[in-house]
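Data block below; observations after.
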Amino acid sequence: QVQLVESGGGLVQAGGSLRLTCAASGRTLSSYAKGWFRQAPGKEREFVAAINWIGLNTYYADSVKGRFTISRDNAKNTVYLQMTSLKPEDTAVYYCAADPSFVPRTPTGVDYWGKGTLVTVSS
């Protein structure tokens, strides 16, 4: 059974940085595309960033472009989200996603999800 476990969330001041990690267990997901989504209170889950299976192609929401960087280490079965210049509007629960068939740029139809890690950015 595949499990995705996020870590690295926490409380940070505006302008600060955090690095999220998503570790997969149960089977290797090195051939899966992976992504990060977030969900703020009262809002729908939204796309943040995604990366193809080999790590050559990355995709970002306009709201995080230039501030966030997604990367992966297939040897460690792990994907990362480096977040810099954080803003209060980045406050949300961040979810890791993985899918064998497509790069997850929408929540619909994604095969695997983590349980999320909370990021809170204070002003």
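Any number yet on Rg/Rh for the chain, C-alpha, Kirkwood? Working shown, then result.
Details: Rg = 13.3 Å, Rh = 14.1 Å.
Checking Rg against Rh, the ratio lands at 0.94.
Any idea what % of Cα-Cα pairs in region 64-123 are farther than 18 Å?
Working: 766 of 1770 pairs.
Across region 64-123, Cα pairs with separations above 18 Å total 43 percent.
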Total lysine pairs under 23 Å (Cα atoms) in the chain, excluding pairs fewer than 8 apart on one chain: 10
P(r) histogram, all alpha-carbon pairs of region 1-48 included - 10 Å bins from 0, percent: 19, 44, 30, 7
Whole-percent carbon and sulfur share, accessible surface of the chain, 1.4 Å: 48
Antiparallel DSSP beta bridges within the chain, as percent of all bridges there, nearest 5: 90
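Assuming 0.36 nm per residue, please report the length gained on full extension of the stretch S7 to S31 beyond their Cα-Cα distance.
Once the chain is fully extended between S7 and S31, it gains 6.5 nm.
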Length gained when the stretch S85-S71 is fully extended (0.36 nm per residue, less Cα-Cα span): 3.3 nm
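Sort D111, D99 from largest to smallest accessible area, using a 1.4 Å probe on the heavy atoms of the protein chains. Present the calculation step by step, with values, prior to reporting the outcome.
Working: D111 90, D99 5 Å².
Correct descending sequence by accessible area is D111, D99.
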Region 1-76: GluC sites (Glu not before Pro) in DSSP loop, at most 14 other beta carbons within 10 Å: E44
Accessible area (Å², per residue) of the chain, counting only protein heavy atoms and a probe of 1.4 Å: 51
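The values are calculated or read from the model by the stated rules, or taken from the named source; none is laboratory data. In this text, all values refer to a predicted model and were calculated from it rather than measured experimentally. Cβ sites come from the backbone with ideal geometry, for glycine too, and all protein chains shown count toward neighbours. Just the protein is used for accessible areas: all its heavy atoms, side chains included, with ligands, DNA and RNA removed. Shrake-Rupley method; radii C 1.70, N 1.55, O 1.52, S 1.80 Å.
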